[in-house]
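Visitor: First the structure, then my questions, so here it is.
The values are calculated or read from the model by the stated rules, or taken from the named source; none is laboratory data. Because the structure is a prediction, the values reported are computed rather than measured. Here the Cβ positions follow ideal geometry from the backbone for every residue, glycine too, while neighbour counts run over all protein chains shown. Just so you know, the surface numbers come from the protein's heavy atoms only, side chains and all, with ligands and any DNA or RNA stripped out. Shrake-Rupley method; radii C 1.70, N 1.55, O 1.52, S 1.80 Å.
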Amino acid sequence: MHRTRFPHYAWGLLLYNVGVIAWGAYVRATGSGAGCGNHWPTCDGQVFPRPRSAEMLVELSHRLSSGLVLLGVLALVAWAMRAYPAGHRVRRVALLALLFTLTEALLGAVLVKYGLVVGNQSAARAVAMSAHLLNTFALLAGLTLTAWYASGGAPIRLRGQGAIGWGLMLALVGVALLGVSGAVTALGDTLFPASSLQQALAQDISPTAHFLLRLRFFHPLIAVSVGVYVLLIAGLATYLRPGGRVRRTAHVVGALFVLQVALGFANMLLLAPVWMQLAHLVVADAVWIALLILTATALGDGVPRTHLGGASLAGSSAPSPHSGRGSPTWRDYVALTKPRVISLLLFTTLATMFIAEGGWPGGWLLLAVSVGGYLAAGSANAINMVIDRDIDGRMRRTAERPTVTARISSRRALLFALALEAGSLVLLTAGANLLTALLALAGLAYYVIIYTLMLKRRTWHNIVIGGAAGAFPPLVGWAAVTGQLSVLSWYLFAIIFVWTPVHFWALALLIKDDYADAGVPMLPVVLGERVTVAQIALYAVLTTIISVLPFAQGEVGWIYLCASVLLNGALLARSASLYRTPDRPRAASLFKYSMVYLALLFLMMAVDRASWIAPLGRG
């Protein structure tokens, strides 16, 4: 009886606590934090005061509702002690919930006693609110795990989980830090309200703005960055821990985070009305709770794991048909990044930097973007090798990859990939700007989630939709130089997007037997060579059209146009030749030329837009 009702009580207490948190945000947003003066725990020096203002009534109601949380958690602990034996995990997490309830009250007291409420604009208030937010998340974690374990959730086992364990822990840290930036942003919205979106943006970027406003500028970028990473980890969790509960929870996490980002942008556009701030906060709490449940589900003891080719993705080293070839070398780790694939992507990134600058963008910036871009692309390729380890082992072209031969375990490969991406984020943010780092991360997530996990094994449209991942490098390069994206940067994105099917399907014609053996539904395998060459011809025409649009818009001059006409003429001629005679030599010729085509197209645009030659090109 005690145990059957306890989970319902625990979940109910968790939901009530979310409501109390939302009401606390209402107190801050309405400036009611000093409704009881600087008295605590009494209100205006009295235990049972008679409310003399709306602010006092709001603050007093918040204190009473928070007091009920303390009583509820005390009851939770007492019930857990009675219903579960000594040392049981429900007892332990319930005691943690009590600890963080007490520290939550103490932090609230600090805010009141030191006057860090209402119109206080000090850094101390921002620090205290950040600590308050982190403690709130810890309290929600204690209540969530209490309810989870009481409902029969498996105990979390951190050891031996491999990269997914580290990835989920990092996601929790990221969401917690995002919560801190959100608390600071909400404080800025309260203290410095704007009458229009234009005024708000001007406040955020003004060099003389208050530090809370300058910090407010970064919150949307942090939110999108963390969101992309959370979606990436949730997608990997569904693959590495293939149980139905993990998949469902991951979908909930993804849906909630998308909703949270949408509410955040709406909050910005509507100038942060109180009701929108509360909705934003409640969904943020829901994201945190759902991510905790996903972590507990994926890392639970006895949760099934994906095994590819005989070696566990969590890091076991069971022998595979290709194993037993010694310990890994640095060359094996370099091979994980697919350097030959990255070379063209990196070239388009660097060329775009010259295009955006109209000349030399700076040596240090070029170095930072080169290394940071390589790390991001290498991380995506390493994750791809882990996920595709089974099909790589059935293809002659990829059978010697280090993840297939087991020279590098899946666990080490994923840890290596996460380390590369962490390095990329730090380097691109420090060396360029946060937008550049975010775009590189977005390209990684798109490649792993959309292409590798969702499309590659399901439809021949995989390369058409998933090919957008390879079109992110121009956006990265442009953002590194300008700190924003322009129409021309999106033209460059579109050029690579429509060029990719031409390039990749030419390769697919050469290795279609490999794809057939591996069961990958590439276009030549599913619909045959004739349809493939027709699609190649179609996308070659689209590439030609889109590549000349920058000239029509006045973004480039005659030098680029002449080069584009020559390059596109050769692309169309080779595509037509392959359409007439779809054989291997012509497919190989088109595949090789497509790489030269893209490199020269970007190079000539950089030459055309160079400051010393642009007047001639437009004259």
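Visitor: Which order do ILE408, ILE156, ILE21 take when ranked by solvent-accessible area (1.4 Å probe, heavy atoms of all protein chains), largest first?
Guide: Working: ILE408 0, ILE156 55, ILE21 30 Å².
Ranked from most to least accessible, the order is ILE156, ILE21, ILE408.
Visitor: I would also like to ask the following. If I stretch the segment between ARG340 and ALA430 completely, what's the gain in nm (0.36 nm per residue apart, minus their alpha carbon distance), one decimal? The partial results should precede the final answer.
Guide: Working: separation 90, 0.36 × 90 = 32.40 nm, distance 2.66 nm.
Between ARG340 and ALA430, full extension yields 29.7 nm more.
Visitor: May I pose another question? For the stretch 318-439, what log10 I(q)/I(0) values come out of the Debye formula at q = 0.16, 0.18 1/Å, with one point per alpha carbon and no solvent?
Guide: -0.77, -0.90
Visitor: Quick one: how many Å² of GLU400 are accessible to a 1.4 Å probe, rounded to 10?
Guide: 120 Å²
Visitor: Find out how many positive minus negative residues lie around ASN17, taking Lys and Arg as positive, Asp and Glu as negative, among other residues whose Cβ is under 11 Å from that of ASN17.
Guide: Working: positive: none; negative: GLU104, ASP285.
Neighbour charge sum, excluding ASN17 itself: -2.
Visitor: Can you tell me how much longer the chain between ALA154 and GLN46 gets when fully stretched, taken as 0.36 nm per residue apart minus their C-alpha distance, in nm with one decimal?
Guide: Working: separation 108, 0.36 × 108 = 38.88 nm, distance 4.73 nm.
That works out to 34.1 nm of additional length.
Visitor: Using the crude model of +1 on Lys and Arg Cβ and -1 on Asp and Glu Cβ, and no other charge, please compute the dipole size for the chain relative to its Cα centre, in debye to 20.
Guide: Values: 45 positive and 22 negative charges, 330 e Å.
Rounded to the nearest 20 debye, it is 1580 debye.
Visitor: Could you put ASP189, ASP392, ASP517 in order of accessible surface area, largest first, with the 1.4 Å probe and the full protein assembly present?
Guide: Result of the area sort, largest leading: ASP517, ASP189, ASP392.
Visitor: Sort the stretch 1-89 into rounded, prolate or oblate with this rule: let a ≥ b ≥ c be the square roots of the eigenvalues of the Cα gyration tensor; rounded if a/c is under 1.5, and if a/c is not under 1.5, prolate when a/b is larger than b/c, oblate otherwise. Please list the in-between numbers first.
Guide: Details: a/c = 3.56, a/b = 2.39, b/c = 1.49.
Because a/c hits 1.5 or more and a/b exceeds b/c, the stretch 1-89 counts as prolate.
Visitor: Using a probe of 1.4 angstrom, how much of the accessible area of the chain is carbon and sulfur, in percent? If you can, show how the numbers build up before the last one.
Guide: Values: 18020 of 26290 Å².
Carbon and sulfur atoms account for 69 percent of the accessible area of the chain.
Visitor: Now for a different question. Search the structure for amide H atoms under 5 Å from the amide H of VAL118, placed 1.01 Å from N in the peptide plane, and list their residues when 5 or more places away or on another chain.
Guide: So VAL118 has HN proximity to GLY33, ALA34.
Visitor: Of the listed values (i) 39.7; (ii) 52.9; (iii) 32.0, grab the one calculated as mean projected area of the Cα convex hull in nm² from the structure here.
Guide: So the structure-derived entry is (iii).
Visitor: At a Förster radius of 30 Å, what calculated FRET efficiency corresponds to the Cβ-Cβ distance of VAL274 and LEU170, to the nearest 0.05?
Guide: So the FRET efficiency works out to roughly 0.35.
Visitor: Heavy-atom accessible area of MET604 with all protein chains present, probe 1.4 Å, nearest 10 Å²?
Guide: MET604 has an accessible surface of roughly 50 Å² with all protein chains in place.
Visitor: Order the following by accessible area, largest value first: HIS88, HIS461, HIS251. Probe radius 1.4 Å; ligands, DNA and RNA are ignored. Don't jump to the answer; show the numbers that get you there.
Guide: Details: HIS88 40, HIS461 80, HIS251 115 Å².
Ranked from most to least accessible, the order is HIS251, HIS461, HIS88.
Visitor: A further question follows. Could you report the accessible area of LEU96 in Å², rounded to 10, computed with a 1.4 Å probe on the protein chains as they sit in the structure?
Guide: 80 Å²
Visitor: Assign one of three labels to the stretch 408-527, namely rounded, prolate or oblate, based on the Cα gyration tensor with a ≥ b ≥ c the square roots of its eigenvalues; rounded applies when a/c is under 1.5, prolate when it is not and a/b is larger than b/c, and oblate otherwise. Don't jump to the answer; show the numbers that get you there.
Guide: On the way: a/c = 3.05, a/b = 1.43, b/c = 2.13.
Oblate shape, in that a/c is at least 1.5 and b/c is the bigger or equal ratio.
Visitor: How would the stretch 147-186 be classified by its alpha-carbon gyration tensor: rounded, prolate or oblate, with rounded meaning a/c under 1.5 and the a/b versus b/c comparison settling the rest?
Guide: Details: a/c = 5.65, a/b = 1.60, b/c = 3.53.
Oblate shape, in that a/c is at least 1.5 and b/c is the bigger or equal ratio.
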